[in-house]
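Some notes on the structure that comes next.
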Amino acid sequence: MTPSRVAFAAILGKDLRSELRTLQSLPAMALFAVTAFIIFRFGLDRTSLSGSLASGVLWATLLFAAVLGINRLFVAEREEGGFDAIRLAPIDRSVLFAAKAAALIVYLVALELIAVPIFAVFFLDSAAALGPLVLVLVLTDLGLAAVGTLISSMAVNSRARDLLVPLVLLPLVVPLMIAATGATEPLMIVGGPGYHRFGTWLMVLGLYDLIFALIGWAVFDFLLED
Amino acid sequence: MYGNSQMYGKGLRPLSIATVLAFAVSLSLIFFYAPLETDQGFIQKIFYLHVPLAITALVGFVVGAIFAVAHLRTDNRKWDAYSYVAIHISVIFAVGGLITGSIWAKASWGHWWVWNEPTLVSFLIVFLLYCTYYPFRYAIEDRDRQARYASVFAVTAGAFVPLNFMAVRMAQSLVHPRVFATAEGGMPGSMLLTFLVSLTAFALLWTTLLKFELVAKSAAGQVRRLRLALDAPGTASSSRIAPEVH
C-alpha cells in the first residue's frame, strides 16, 4: 500500500502539471469572470459598487466561474481511463477526493488572484476590503472544493454531466453563498470595511467546510466502486 | 424471489385504515374543535395542513437519507428502493407544503411569497435540491451505479437540510410563526392537540403511501419479469426509470 501522502502528492502534481500543459480550465474561468464583470457593469448600469451589490456581483461571478472548473475536474480521469488506474493502484480511494479537492482549491485561488484585483479595479473605491476578504475567500474555496469535487465525481459518470453539475451544485452551495456574501457585504460598504457579524459568518463557513469535507471523505469510496 | 411483494404489503390494510381514521379525527378536530384564531380567523386553519405537510416532507427527506445509509452499508437494493420512494413522496408533500404556505402567506401577510421569511426560503432551497434528484438519478444508466450514486446524493442532501435551515435563518429576520415556540408559549392546548393529531395523520399518510408505492413497484417488476420470462426465457431487462424492486 502506497502511503496516502505520497499518493496525494502524485495525483495533485499530475493534475496541476496537466492543467499547466493543456490550460483547459483556468484561462476559461478567468476570462469568464472578467466578461461577467463587464456584463454586470452594463446590466446594473453602475461604474462603482458597494455593500450588498458589490458582494453579490463578486460572489455570483466567482461561483459561476468555479462551476466551469468543477465541470472539467474529472473529465480527463473519465476519458483517459484515470478512474481505472486509481482503482487498480494500491492506495486509499479517499486520497483521490483529497487530491482533487486540493487541485480545485489551487484553481480557485488562481482564479481569485486574477478576478478579485480586477473586480477591485473595476468597481471598488478603496482596496481596504481586500485584506479581510482573503479569509472569506479561503474558507469559501474550501467549501466549494469539497462540494464541487463530490458533485463533479458523480456527474462525470452520467450522461448529462455538464448539465448536472450546475443543477445539483447550485442548491447545495446556497448556504455557502449566504455566509460568504453576508461576510463580504459589510467589508465593501461605503466608508471603509465594516465587520458586522463577520466572525459569525466565518464560523458558518467553517462549519459548512467541515461537514462537507467529512461527507465527501466518507462517501467517496462508494463512487469509485464498480 | 417471486411473491416478495407480500413483504412490502405486510400490514398495509391496517395502516390504511388507521390513516383514514386519523384523517377523519384530525379534520373533525380542525373544523369543529380547534378555536378560531382571533387575528387571522378561518384562514389560520390551513396551519393544520401546511405545517404537518412541511414537517413530514423534511423528516421524510432525512428518513430517505437514513435508508440510503442502509443501502450503502448493506449493499441491499431494497434500501435504495425505500430511499427513492421516501424522497419521491416527500417531494410531493413538499409541493403541498409550498402551495399551502403560499396561500397562508397571501392571506395573512398579503403576499404570495415573502423573501425575508427564513423557513419559507430554506424550504424552497431544500425542495429545489431534491428536485434535482430525478434528473441526477436518470442520467446514470448502469443500475448498480445509479443506486449507489442516488444513495450518496440522498446522504449528502440529508445532511444539507439542517445546515441550510441554519444558514438561511441567520441571514434573515424572524417573522415566521415559530410552531414550537408558540407551542410552549402562546398556542392554546386545544390547538396544540389538533396540530399533533393532524401531524400524526400526515405521518401515517406518508408511511401508507410509501408502502403502497413499494408494493406497486414490486408488483410491476414481477409482472415485467414474468412477461419477459414467457416471451424470451433467460433474458431479464428492466425499466430505466425508478429502482428495481424485487
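The values are calculated or read from the model by the stated rules, or taken from the named source; none is laboratory data. Please read these numbers as outputs of a predicted model, since none were measured by experiment. All Cβ positions, glycine included, derive from the backbone under ideal geometry; neighbour counts span all protein chains shown. Just the protein is used for accessible areas: all its heavy atoms, side chains included, with ligands, DNA and RNA removed. Shrake-Rupley method; radii C 1.70, N 1.55, O 1.52, S 1.80 Å.
Considering region A:175-196 alone, what residues qualify as being of a type outside the set (S, T, Y) and either touching a Lys or Arg at 6+ places or on another chain (Cβ under 9 Å) or buried (at least 20 other Cβ atoms within 10 Å of the Cβ) (or both)?
Just the residues of region A:175-196 that are of a type outside the set (S, T, Y), to begin with: A:175-180, A:182-183, A:185-194, A:196.
Hits for region A:175-196 are A:P175, A:L176, A:M177, A:I178, A:A179, A:A180, A:G182, A:A183, A:E185, A:P186, A:L187, A:M188.
Which residues, counting only those in region B:82-109, are in contact with a Ser or Thr (Cβ under 8 Å, 6 or more places away or on another chain) and closer than 30 Å to A:L224 by Cα?
Matches in region B:82-109: B:S83, B:S90.
Can you tell me which residue among A:G199, A:G182 is touching a Phe, Trp or Tyr at 6+ places or on another chain (Cβ under 9 Å), within 13 Å of chain B (Cβ to nearest Cβ) and under 19 Å from A:G131 (Cβ atoms)?
A:G182
Does region B:211-246 hold any residues that are among the hydroxyl-bearing types (S, T, Y) and at pLDDT 85 or above, and which are they?
B:S218, the sole residue that qualifies.
Which residue out of B:A105, B:A94 is touching an Asp or Glu at 6+ places or on another chain (Cβ under 8 Å) and of a type outside the set (S, T, Y)?
Testing whether each residue is touching an Asp or Glu at 6+ places or on another chain (Cβ under 8 Å) and of a type outside the set (S, T, Y) leaves just B:A105.
What about A:L113, is it without any contact (Cβ under 8 Å) to a residue 12 or more places away in the chain, under 26 Å from A:L210 (Cβ atoms) and within 14 Å of chain B (Cβ to nearest Cβ)? Give the derivation first.
Details: without any contact (Cβ under 8 Å) to a residue 12 or more places away in the chain: yes; under 26 Å from A:L210 (Cβ atoms): yes; within 14 Å of chain B (Cβ to nearest Cβ): no.
In short, no.
Does A:P171 satisfy the condition of being in contact with a Leu (Cβ under 9 Å, 6 or more places away or on another chain) and open to solvent by 10 Å² or more (accessible area, probe 1.4 Å)?
When the stated conditions are applied, A:P171 passes them.
Of the residues B:A86, B:A65, B:A94, B:A70, only one is more than 14 Å from chain A (Cβ to nearest Cβ) and in a helix (DSSP H, G or I); which?
Exactly one residue qualifies, and that residue is B:A86.
Looking only at residues in region A:212-226 that are assigned to a helix (DSSP H, G or I) and of a type outside the set (A, V, I, L, M), which one is farthest from A:V138 (Cα to Cα)? Show your work before the answer.
Narrowing region A:212-226 to residues assigned to a helix (DSSP H, G or I): A:212-224.
Remaining after also requiring of a type outside the set (A, V, I, L, M): A:212, A:216-217, A:220-222.
Values: A:F212: 15, A:G216: 18, A:W217: 20, A:F220: 23, A:D221: 26, A:F222: 28 Å.
Top of the filtered list is A:F222.
Wholly within region A:1-99, which helices (runs of 4 or more DSSP H) include no fewer than the required count, namely at least 2 residues that are surrounded by 21 or more Cβ atoms within 10 Å (Cβ to Cβ)?
A:4-22, A:26-44, A:51-72
Every residue in region B:154-198 that is modelled with pLDDT of 75 or more and within 7 Å of chain A (Cβ to nearest Cβ), please.
Looking only at region B:154-198, we keep the residues that are modelled with pLDDT of 75 or more, and these are B:154-170, B:188-198.
Answer for region B:154-198, where residues must be modelled with pLDDT of 75 or more and within 7 Å of chain A (Cβ to nearest Cβ): B:V155, B:T156, B:A159, B:F160, B:L163, B:N164, B:A167, B:V168, B:M170.
Is there a residue in region B:68-76 that is open to solvent by 10 Å² or more (accessible area, probe 1.4 Å), over 29 Å from B:A159 (Cα atoms), in contact (Cβ under 8 Å) with a residue 40 or more places away in the chain and among the aliphatic types (A, V, I, L, M)?
Looking through region B:68-76, none of the residues is open to solvent by 10 Å² or more (accessible area, probe 1.4 Å), over 29 Å from B:A159 (Cα atoms), in contact (Cβ under 8 Å) with a residue 40 or more places away in the chain and among the aliphatic types (A, V, I, L, M).
In region A:207-223, how many residues are open to solvent by less than 30 Å² (accessible area, probe 1.4 Å) and more than 10 Å from chain B (Cβ to nearest Cβ)?
1
Has region B:133-141 got at least one residue that is facing chain A (nearest Cβ under 9 Å), open to solvent by 40 Å² or more (accessible area, probe 1.4 Å), part of a helix (DSSP H, G or I) and touching a helix residue (DSSP H, G or I) at 6+ places or on another chain (Cβ under 7 Å)?
Yes: one or more hits.
Tell me, yes or no, whether region A:132-154 has at least one residue that is within 11 Å of another protein chain (Cβ to nearest Cβ) and surrounded by fewer than 19 Cβ atoms within 10 Å (Cβ to Cβ). Working first, answer last.
Here is the first cut: in region A:132-154, the ones within 11 Å of another protein chain (Cβ to nearest Cβ) are A:143, A:146-147, A:150-151, A:153-154.
When the remaining residues are screened for being surrounded by fewer than 19 Cβ atoms within 10 Å (Cβ to Cβ), the result is none.
For region A:132-154, residues within 11 Å of another protein chain (Cβ to nearest Cβ) and surrounded by fewer than 19 Cβ atoms within 10 Å (Cβ to Cβ): absent.
Given the residues A:F97, A:F122, which is the only one that is in contact (Cβ under 8 Å) with a residue 40 or more places away in the chain and under 22 Å from A:L31 (Cα atoms)?
A:F122 is the lone residue from the list that is in contact (Cβ under 8 Å) with a residue 40 or more places away in the chain and under 22 Å from A:L31 (Cα atoms).
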